[in-house]
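The values are calculated or read from the model by the stated rules, or taken from the named source; none is laboratory data. Quick caveat, the model's predicted, so the values are computed rather than measured. Positions of Cβ are generated from backbone atoms using ideal geometry, with glycine treated the same way; all protein chains shown enter the neighbour counts. Calculation scope for accessible area: heavy atoms of the full protein, side chains included, ligands and nucleic acids excluded. Shrake-Rupley method; radii C 1.70, N 1.55, O 1.52, S 1.80 Å.
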Amino acid sequence: MWNQACSQSPDGMTGQKAGIIKRTALQILPCTVSQLLAASQVSSDNFAICDLELNQVSVVGIIRGLAPFVTNIQYSVDDMTGPPLTVKQWVNTEDCAPMTYASPGTYVRVTGSLRSFNGQRSLLAMNIRCIEDPNEITSHTLEVVQAHMHLFGKAFDVNMNTTAASLSGRVLGHPEGLSPNDMSTIQSEVLQVLRGFSDCDPGIGFHELQTQLDYLSPRDIRASLTFLINEGHVFCTIDEHHFRSTEH
C-alpha cells in the first residue's frame, strides 16, 4: 500500500517545454533543497543552476508534514540543507480507490520539476517513493556531489553551495578526485592517518585522530576533515565523530 502511494504520478505532466529539453536532454539532476531554493529563475517556470537550465530534479528528505486537498497533496520535505521544501503531488480524482499518504517522519525520494507561484517555490512531483534502505540517503548525497562537480567543475560545501576553492587542477574521473597540488600538507597528513584505519568498521574517532596528529590543532584537523568529506575522500561512520577513508 505504501509503495502504491509513493509511486503515483500526476496526470498531464509527461510533456516538458522544448527549451528545457534542449538544454538538459531530459536528465534528472540530483539536488539538495538549498540548491533548488537558491536556483536562478530564468522565466516563470524555468530555473537554472550554474547556467544549466533544469528539467527534472530529484531530492531526498524527510516528510515534516502534509496537507491533503481535493486535487493534490502538499508535503513539506526537509533534507536539512535549508528550509523545508513544499512538494505538490496531484491525485487522480477519477480513481475510486482510497488515497494513502506518505506519513510524516518518513524519508522519501521525490522526482519532479521546480515551480514558483506567488514567489513561493515548490516541487511538482512526478514520482514520490519511500526509502527503505537508509544507505540510499547517503547515496543521494554522493550523487549530488558527483553530478554537480562533473557538470560544473566547481567545489561545494556541505550544503552544496559553491565554495571559492579552485578546481582547475581536477581531473574528472580520477579516483583521487584531486591532483596532489589541490590538497594542503595538513589535509594530506589527516588523510594519510585515516587511510591506515580504512579496514576498521567504525574507522577512527576524532579523539584518536588528535592523538595521532598531536602536533596539529583540533581546529586544523576539523577543517581538514570538512574538506576531505566534501571532496569525497572521507565519510562519517557510526556518528559525526568517527571517520573512514573511502579508499580501501
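One table, with the values for the structure above:
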{"read-out": "Within the stretch 70-128, considering residues that are at pLDDT below 85 and among the charged types (D, E, K, R), the one surrounded by the fewest Cβ atoms within 10 Å (Cβ to Cβ)", "value": "Glu94"}
{"read-out": "Search result, residues across the stretch 50-68 that are in contact (Cβ under 8 Å) with a residue 60 or more places away in the chain and either open to solvent by 20 Å² or more (accessible area, probe 1.4 Å) or not in a loop (DSSP other than H, G, I, E, B) (or both)", "value": "Cys50, Leu52, Gln56, Val57, Ser58, Val59, Val60"}
{"read-out": "Residue count for the stretch 207-240, restricted to those that are charged (D, E, K, R), part of a helix (DSSP H, G or I) and open to solvent by 90 Å² or more (accessible area, probe 1.4 Å)", "value": "2"}
{"read-out": "The listed residue being open to solvent by less than 80 Å² (accessible area, probe 1.4 Å), modelled with pLDDT of 90 or more and acidic (Asp, Glu), out of Glu176, Glu143, Glu136", "value": "Glu136"}
